[in-house]
Amino acid sequence: MVHAFAPMMLLTAAMSLPGCQRASGGPLAPVEGAGVAIEEGQAAVLTDGALEARVTGRWSSTGANSLRIRYRNRGPAPLRIALAGARMRHSLGEAALRTAVDATGVDMTDAREDNNQGKTLFSLDEGGGAGDGMVELPAGATREIDADLTSFANEGSVGEGDRITVTVPLATRSTAVAFDAARPSGLP
């Protein structure tokens, strides 16, 4: 005897398989270009004088776009970087900076609780008022910045293989870097 809910259970089980689900996001894969070095196939490395910026990111078809920027000051003088100019562009529109957090030293896996949250440098929800959006980078220092961005548009979605341009704030300028929306890992 076939249970009345058997077809529904089979459909639910089939849709929960990774191959049956529609991807909603994944990593950004950097594209070679002038002034862009690619590290380990997943990070764009940029320089601006003594400043080095290593950029990785994630795209989303639903709006949870993000960047991780590791800034390193290789020079003898301190540097300041204005994060408010960070953004992503897609044919659908622009994703602006929503929040930026200095995640340097954050470690949620250890027993300490004093290093579980980074310092908010910028928050669009607070009119940019949660911090001035500036990264202070002393000589020889490294800072890990986690940046969350808005969605690209209210309609349409980003798909695998789409080109996304990321504007990365540096010490004396901002640089546009091309990335491709890559397939999420683990999916066929």
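The values are calculated or read from the model by the stated rules, or taken from the named source; none is laboratory data. Given the structure is predicted, the values throughout are model-derived calculations rather than measurements. Here the Cβ positions follow ideal geometry from the backbone for every residue, glycine too, while neighbour counts run over all protein chains shown. Accessible surface areas use protein heavy atoms only, side chains included; no ligands, DNA or RNA. Shrake-Rupley method; radii C 1.70, N 1.55, O 1.52, S 1.80 Å.
A few comments on the model shown:
- Condition broken by S91, with the remaining ones in (1) hydroxyl-bearing (S, T, Y); (2) surrounded by fewer than 16 Cβ atoms within 10 Å (Cβ to Cβ); (3) at pLDDT 95 or above satisfied: (3)
- On inspection, D107 passes the criterion of being open to solvent by 50 Å² or more (accessible area, probe 1.4 Å), at negative phi and modelled with pLDDT under 75.
- Which listed residue is in contact with an Asp or Glu (Cβ under 7 Å, 6 or more places away or on another chain), hydrophobic (A, V, I, L, M, F, W, C) and closer than 18 Å to P30 by Cα, from V101, V55, V45: V45
- Top-ranked residue of the range 143-161 - restricted to ones that are open to solvent by 50 Å² or more (accessible area, probe 1.4 Å) and under 24 Å from L83 (Cα atoms), ranked as farthest from the chain's Cα centre (by Cα): R143
- Of all residues making up the range 162-184, the number that are open to solvent by 30 Å² or more (accessible area, probe 1.4 Å) and under 17 Å from A64 (Cα atoms): 5
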